[in-house]
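> Handing you a structure now.
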Amino acid sequence: MGILEVKNVGKRFGGLQALSNVELSVKENTCHAIIGPNGAGKSTLLNCFVGKLMPDTGSVMFDGQSVLGRTPYEINQMGISRVFQTPEIFGDLNVLENMMIPIFAKRDGAFRMHAFENMLDERDVVEKAEHMLEEMGMADARNDHAASMSRGNKRRLEIAMCLSQDPRLLLLDEPTAGMARADTNNTIDLLKQIKEERDITIAIIEHDMHVVFSLADRITVLAQGTPLVEDDPENIKGHPKVREAYLGETQAV
Amino acid sequence: MLGLNKKDTTLFWIVAAMSLLAPFILNPFPEGSSLAQMFNAGYPDLMQRFVIFGILVIGFNILFGLTGYLSFGHAAFLGIGSYSAVWMFKLVGMNVIPAILLAMIVSGVFALLIGYVSLRRSGIYFSILTLAIAQMCYNLAYSVLGNPASSYNLTNGETGLQLSLDDARIFGESVTADGALPVTNFFGLAMRSSYKMDVGGWLFTFNAGYYFSAIIMLISFYVSIRIFRSPFGMMLRAVKSNQQRMNYTGLNTRPYILAAFVISGIYAGLAGGLLSSMDPLAGAERMHWTASGEIVIMAILGGVGTLVGPVIGAGFNEYFKNILSKINDSVLHDWLAFMPDGIENLMVGFLHYFVGKGWHLTLGIMFMLVIIFLPGGLVEGGQRIAKKFGRKKKSDETSTTPAE
């Protein structure tokens with residue numbers, strides 16, 4: 001039984017059957033990659049996990065509980081954090097504040113009216129945020145305006161924000177899309193390090209095969225809204241069906 | 001001091017000093033001189049408006065400045081507060097404290113309801129919803145609920161709600177011993193009582209109502225600084241910055257925005273209650289959409305999202321409104337008497353459109369200039385000047401940016 005169990009999920013947009021009969025099981029403490037050509041339904045599937053989309057059929061169970069019908073913030077409070085394709089951070093706030101918000105969310109829940117508390121009295125939150133920044137090598141940037149950072153650093157900050165909540169499942173939506181090679185490699189190293197150091201399950205959607213094969217323990221190939229095959233990375237590389245559906249028509253590994 | 005950092009404490013004391021010394025600061029010209037006639041603003045009525053509108057805009061800034069939700073209907077809460085306070089004077093007594101408390105409670109309840117409905121949308125749709133609801137309130141007050149002939153005459157329509165000699169006033173007197181209306185007071189201290197000080201040619205007026213309002217303004221200002229610096233304030237800025245990230249970070253944005261909306265509604269109600277406390281008369285025009293627009297203008301003039309901007313914006317707007325509308329053609333003739341007659345008449349004819357009844361035009365131009373050249377409002381102007389002169393000392397303006 002995996003931490004994330006997807007059964008028979010289907011989703012239709014008008015005349016387009018975006019997903020049909022998707023079965024997926026993400027085992028605890030593994031890195032599970034979902035790959036597939038453009039339009040295969042990868043992002044649609046991810047959006048079904050986080051409360052953005054409601055599938056027409058099927059079930060999505062996280063740790064024995066259904067996530068369907070819940071709002072994004074409720075799902076986050078269950079222990080699922082999401083990293084977006086374009087880094088979503090609080091651009092108008094500084095880096096330390098960016099770090100503090102998820103920590104507050106984890107500690108205080110979805111809403112708390114702490115209008116009269118002084119930031120100085122929140123020592124534990126500030127310390128945790130600073131510690132996290134240090135761990136990510138961003139301590140020097142703590143007072144920087146978040147919007148002014150490079151894309152790679154924004155990504156790093158976003159991942160740090162997600163990790164500060166100690167999520168049980170981290171969802172990554174093409175984390176290296178649009179990044180320079182150096183930034184991509186940095187991100188891969190960061191994710192590898194996270195995987196080794198933490199008890200965390202990662203589900204990743206990715207185009208870049210280099211990223212996928214450096215990180216994934218298990219790979220599901222999606223084509224036209226259906227899982228084609230699920231296997232270990234070594235087997236996926238040489239799988240004829242995969243080559244035909246995916247690797248063959250775009251560029252090879 | 002009291003949980004404020006050093007910069008904010010300095011800022012607070014500067015504002016406190018300015019408002020407590022306002023009767024001096026606003027009366028720079030000796031009494032009776034022609035300049036005093038025009039530019040002195042140290043009389044109670046106007047000073048009261050400075051601080052009361054200051055409160056209103058401070059509250060508006062908590063919503064608009066922090067969350068970025070532009071409410072175009074805040075005058076509704078001002079009106080609701082005014083009516084509530086006058087009803088308290090009519091039914092209970094002339095002490096201003098219960099009146100102000102009721103004004104805050106009623107406007108808070110209305111803000112909760114209106115906010116709950118209008119916060120289903122964001123951006124321009126939210127603005128339109130608040131505008132529509134406020135205009136609905138205006139029309140309710142102006143006609144539906146204000147028909148003097150009906151038994152549900154809550155607002156007394158066009159005339160406005162006012163005190164009368166046959167009001168109940170359970171904890172006070174309906175009529176004073178000499179047959180007049182009783183006056184609003186703070187545990188016996190009449191709001192309209194003033195102490196006048198004659199120094200040389202100057203006449204300074206210290207009005208009880210002004211000082212009462214000024215102290216409430218300072219409390220409101222302090223509360224707003226605390227909110228700006230609290231984790232809650234940080235969440236509100238996060239709402240403005242990226243709501244999507246907030247939702248996916250496990251935070252429910254709706255109650256945060258609603259709380260900000262209700263707080264700013266209560267501030268507006270407080271301002272309305274104070275307006276009625278100074279002069280127990282409430283009219284529907286206070287809720288008109290142009291009044292709501294004026295609140296937005298004051299906030300933007302001063303500097304949205306800054307701490308002291310709202311106070312500056314409200315003061316600037318009220319001051320120039322007052323000055324400009326006092327200048328009439330004969331004053332212009334006086335000023336331009338040095339010119340040859342033909343040119344003088346031409347100039348007066350031209351300037352006529354910008355002063356007196358045409359004050360909107362000048363204020364509008366000023367507003368445009370500020371928006372174009374100082375998008376951060378007058379506070380930004382102050383910051384630029386301070387930077388230009390390279391003063392190390394942080395003037396009141398430089399310490400106003402909310403970011404740490």
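The values are calculated or read from the model by the stated rules, or taken from the named source; none is laboratory data. All of these numbers come straight from a predicted model, not from anything done at the bench. Here the Cβ positions follow ideal geometry from the backbone for every residue, glycine too, while neighbour counts run over all protein chains shown. The protein model used for the area step is the full one, side chains on, heavy atoms only, and it has no ligands, DNA or RNA in it. Shrake-Rupley method; radii C 1.70, N 1.55, O 1.52, S 1.80 Å.
> Evaluate the charge dipole of the protein assembly as shown about its Cα centre and quote only its size in Debye, nearest 20, assuming +1 on the Cβ of each Lys and Arg and -1 on the Cβ of each Asp and Glu.
Dipole of the protein assembly as shown, to the nearest 20 debye: 160 debye.
> If you roll a 1.4 angstrom probe over the protein chains with everything in place, what fraction of the accessible area of the protein assembly as shown belongs to carbon and sulfur, to the nearest %?
Here carbon and sulfur together make up 60 percent of the probe-accessible area.
> Under 8 Å for C-alpha pairs, at least 6 residues apart: give me the relative contact order for the range B:6-288, rounded to a whole percent.
36
> Something else: Going by a 1.4 Å probe on protein heavy atoms, which residues of the range A:107-123 end up with at least 40 Å² less accessible surface in the whole assembly than in their chain alone?
In the range A:107-123, residues shielded by partner chains: A:Ala110, A:Phe111, A:Met113, A:His114, A:Ala115, A:Phe116, A:Asn118, A:Met119.
> Just tell me the longest site-free run in chain B, where the sites are trypsin sites (Lys or Arg not before Pro) in a DSSP loop having at most 11 other beta-carbon atoms within 10 Å.
B:121-390
> Also: Can you work out the accessible area per residue across the range A:88-166, with the rest of the protein chains kept in place, probe 1.4 Å, in square angstrom?
So the range A:88-166 comes to 41 Å² accessible per residue, rounded to a whole number.
> Give the accessible area for B:Ile312 in Å² (nearest 10); use a 1.4 Å probe, count only protein heavy atoms, and leave out ligands, DNA and RNA.
50
> Sticking with this structure for a sec: Per residue of chain B, what 222 nm ellipticity follows from adding -39500 (n - 2.57) for every DSSP H run with n ≥ 4, rounded to the nearest 500?
-19500 deg cm²/dmol
> Using a 1.4 Å probe on protein heavy atoms, which residues of the range A:50-73 have at least 40 Å² less accessible area in the complex than alone?
A:Pro72, A:Tyr73
> Roughly how many debye, to the nearest 20, is the charge dipole of the range B:249-397 about its Cα centre, given +1 on each Lys and Arg Cβ, -1 on each Asp and Glu Cβ, and no other charges?
Here the size comes out at about 880 debye.
> Something else now. If you count the DSSP beta bridges with both ends in chain B, what percent of them are antiparallel, to the nearest 5?
Taking every DSSP beta bridge with both residues in chain B, the antiparallel ones total about 90 percent.
> Taking a probe of 1.4 Å, how large is the accessible area per residue of the range B:294-384, in Å²?
Solvent-accessible surface per residue comes out at 48 Å².
> I've got another one for you. Just to verify a number: what accessible area does A:Asp166 come out at with the full protein assembly present, 1.4 Å probe, Å² rounded to tens?
A:Asp166 exposes around 90 Å² with every protein chain in place.
> A follow-up question, please. Report, in listed order, any pair from A:Lys52/B:Lys240; A:Lys195/A:Lys241; A:Lys154/B:Lys387; B:Lys6/B:Lys387 with a Cα-Cα distance greater than 24 Å.
From A:Lys52/B:Lys240; A:Lys195/A:Lys241; A:Lys154/B:Lys387; B:Lys6/B:Lys387, over 24 Å: A:Lys195/A:Lys241; A:Lys154/B:Lys387.
> Turning to a different aspect of this structure: For chain A, place one equal point scatterer on every Cα, skip the solvent, and apply the Debye formula. What is log10 of I(q)/I(0) at q = 0.07, 0.09, 0.13, 0.17 Å⁻¹?
-0.25, -0.41, -0.84, -1.33
> Could you tell me how far the Cα centroid of the range A:32-110 sits from the Cα centroid of the range B:138-171, in Å?
53
> Same structure, new question: Quote the total accessible area buried by chains B and A together, excluding ligands, DNA and RNA, probe 1.4 Å, nearest 100 Å².
3000
> Just to be sure I follow the definition: excluding the sites themselves, where is the longest run in chain A that has none of the trypsin sites (Lys or Arg not before Pro) in a DSSP loop with at most 15 other Cβ atoms within 10 Å?
That gives A:28-197 as the longest site-free run.
> Okay, moving on. Taking all pairs of distinct Cα atoms, average 1/r, flip it, and tell me the Kirkwood hydrodynamic radius of the range B:1-107 in Å to one decimal place.
16.8
> Take B:Ile219 and A:Glu74, extend 7 Å from each Cα along the Cα→Cβ direction, and tell me the distance between the two endpoints in nm.
For B:Ile219 paired with A:Glu74, the spin-label model returns 4.1 nm.
> Tell me the Kirkwood hydrodynamic radius of the range A:88-166 in angstroms, computed as one over the mean inverse distance between distinct C-alpha pairs.
Taking every pair of different Cα atoms in the range A:88-166, averaging 1/r and inverting gives 12.6 Å.
> Which of the chymotrypsin sites (Phe, Trp or Tyr not before Pro) found in the range B:258-328 are in a DSSP loop and have at most 11 neighbouring Cβ atoms, other than their own, within 10 Å?
Here no loop site has a sparse enough neighbourhood.
> I'd like the projected area of chain B, averaged over all directions, using the convex hull of its alpha carbons. Report it in nm² with one decimal.
The orientation-averaged projected area of the Cα hull of chain B comes to 24.0 nm².
> How large is the charge dipole for chain A, taken about the Cα centre, if only the Cβ atoms of Lys, Arg (+1) and Asp, Glu (-1) carry charge, to the nearest 20 debye?
760
> For the protein assembly as shown, evaluate the Debye formula with one uniform point scatterer on each Cα (no solvent term) and list log10 I(q)/I(0) at q = 0.06, 0.07 Å⁻¹, rounded to two decimals.
-0.46, -0.59
> Now, a different point. Solvent-accessible area per residue for the range B:147-195 at a 1.4 Å probe radius, Å²?
Computed with neighbouring chains in place, this is 67 Å² per residue.
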